[in-house]
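The values are calculated or read from the model by the stated rules, or taken from the named source; none is laboratory data. Fair warning: this is a prediction, and the values are worked out from it, not measured in the lab. Don't worry about glycine lacking a Cβ; one is built from the backbone with ideal geometry, like all the others, and counts go over all protein chains shown.
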Amino acid sequence: MITFVSEIPMVRESSVKTRTCTPQDVVDTCKDIRDSSQEMFLVLDLDSKHYLIERRMISLGIANASLVHPREVFRGAIANGASFIICVHNHPSGDPTPSDEDLKISRQLVGAGKIIGIRVLDSVIVGRKSDDHRDMISLLDDGLVDFLVKTKRRRLK
């Protein structure tokens, strides 16, 4: 009998403290997904001062979709004692314009986070810069989802 073991790479920051406060910080932390041919949905678990606890892959999808459920998104955050999370995924096409489904799941995650007490700070879509579009979109900064903050801010508080 042949057994195949597949491991999804995890990044757990233990000795180096990385503060994640801006969409650019998020892109810098997740730049390795920019050129993936599959959609990848990641969650950054943050402590109360926005230091990265762990970067977790939630879903590895196909060329234009991935499955995401609040249960998987918050399971690791709860285990890690996270105070906040930031969601991030790529668009293999390079165009970070959010789909209706992107907006729907982001709103769903914000609601779930409110109930369990782990605030979703932002959802960032990573693409590739071109003449037609930016290299990333922050749903917070673009005002596309209400992340339960009083004003849009460049530095998440």
Do you know which residues across segment 75-115 are touching a helix residue (DSSP H, G or I) at 6+ places or on another chain (Cβ under 6 Å) and farther than 30 Å from S130 by Cβ?
A112
Across segment 49-77, what is the total count of residues that are polar (S, T, N, Q) and either surrounded by 14 or more Cβ atoms within 10 Å (Cβ to Cβ) or modelled with pLDDT of 95 or more (or both)?
2
Might you check whether a residue that is more than 18 Å from F84 (Cβ to Cβ) and of a type in the set (D, E) occurs anywhere in segment 50-57?
no
Report, by residue number, each residue of segment 25-59 that is of a type in the set (A, V, I, L, M) and under 13 Å from the mean Cα position of the chain (by Cα).
V26, V27, I33, M40, L42, V43, L44, L46, L52, M57, I58
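I'm trying to understand the selection: among the residues of segment 3-48, which are of a type in the set (G, A, S) and either modelled with pLDDT of 95 or more or surrounded by fewer than 14 Cβ atoms within 10 Å (Cβ to Cβ) (or both)? Let's see the steps before the verdict.
Residues of segment 3-48 that are of a type in the set (G, A, S), as a first pass: 6, 14-15, 36-37, 48.
S6, S14, S15, S37, S48, listed by residue number.
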Breaking point among (1) closer than 17 Å to G113 by Cβ; (2) in a helix (DSSP H, G or I); (3) not aromatic (F, W, Y), for D32:
(1)
Would you confirm whether or not segment 51-61 contains a residue that is free of Cβ contacts under 8 Å to residues at least 12 places away in the same chain and farther than 17 Å from G117 by Cα?
no
Inspect segment 67-82 for any residue being under 25 Å from D35 (Cα atoms) and in a helix (DSSP H, G or I) and give the result as yes or no.
yes
With respect to L121, is the statement that it is at pLDDT below 95, surrounded by 15 or more Cβ atoms within 10 Å (Cβ to Cβ) and out of contact with any Lys or Arg (no Cβ under 8 Å at 6 or more places or on another chain) true?
no
